[in-house]
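Just below is one structure, and these are the notes that go with it.
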Amino acid sequence: MPTLLPSRPVSPDPAPRRRRRLRPTLVAAGIGLALLVPAGFTVADWLPDNPLGQDVVDTSTPPLLLALDDLSEYHAATGTFQVVVERQVDTRYVPSVISGESASFLATGTADAHVDFEGLDAGRVTLSPDGTSATIALPAPRLGAVRIDPAQSRVLDRDRGLFQRVGDAIEDNPVDDSELYALAEDRLAAAATQSDLRERAETNTRDMLIGLARSLGVQQVEVTFDEPADDEG
């Protein structure tokens, strides 16, 4: 009878290894990243260097033009003039002691030369790109109306005939000097036109604008004036 071999104890098989399963979320993220990386290089080719940078556009008006608009009219020079007006009214064939009048009138008045800034457009003000130099073209200075100062004006001499004196006494009319004032205004206006008042106005306006421009950061300023009209001398 055959001898039975002792049976070896059979060790149980080790537990099978558990395979790790990747989560679906991680798989999807990996696939998405793989797709986005090459796409990112493609998009970067047409994006600007600094896509989040800021662009600054300066649309402000030159400050010098605004300052000129605020001035509107600049009285650049004032002249004081004095004239003696001689006026005589005679009656034909009648002696002056009977009918007639003569007067000497000392008139003192002032006239201003001004530069008109109203309506000054950007075409007359040229500002360099860096704002350090400017060219300003202005209209010619104009002379204002003459203003007679009553406190500094008076009748130096007056001679009236008998007829005029009696008429004034009867009608109680004061002596009318309006014609003397009108003549004096014409003489004073002519004196202002022949003076250097306009040249002084140009010089004073130029100095004022240079100081104004420098206060606004404009260092070099060229100021030109139009030629005066024929009726302005």
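The values are calculated or read from the model by the stated rules, or taken from the named source; none is laboratory data. As the structure is a prediction and not an experimental result, all values here were calculated from the model. Every residue, glycine among them, receives a Cβ derived from its backbone with ideal geometry; neighbour counts consider all protein chains shown. Side chains included, ligands, DNA and RNA excluded: accessible areas come from the protein's heavy atoms. Shrake-Rupley method; radii C 1.70, N 1.55, O 1.52, S 1.80 Å.
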| Counting only residues that are open to solvent by 90 Å² or more (accessible area, probe 1.4 Å) and in a strand (DSSP E or B), which one in the range 144-155 is farthest from Asp112 (Cα to Cα)? | Arg154
| task | Output the qualifying pairs, or none if there are none: Cβ atoms under 7 angstrom, residues six or more apart or on different chains, first residue in the range 71-86 and modelled with pLDDT under 90, second residue surrounded by 13 or more Cβ atoms within 10 Å (Cβ to Cβ) and of a type in the set (D, E, K, R). | result | Glu73/Asp116; His75/Asp112
| Within the set of pairs 6 or more residues apart or between chains, which connect a residue that is among the polar types (S, T, N, Q) inside the range 142-153 to a residue that is open to solvent by less than 30 Å² (accessible area, probe 1.4 Å) with Cβ atoms less than 7 Å apart? | Gln152/Thr108; Ser153/Leu106; Ser153/Ala107; Ser153/Thr108
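Hey, among Thr91, Thr126, which residue is at pLDDT below 90 and open to solvent by 70 Å² or more (accessible area, probe 1.4 Å)?
Details: Thr91 fails: open to solvent by 70 Å² or more (accessible area, probe 1.4 Å).
Matching residue, one of Thr91, Thr126: Thr126.
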| Residues (in a helix (DSSP H, G or I), over 30 Å from Leu156 (Cα atoms) and acidic (Asp, Glu)) located in the range 174-227 | Glu199, Glu202, Asp207
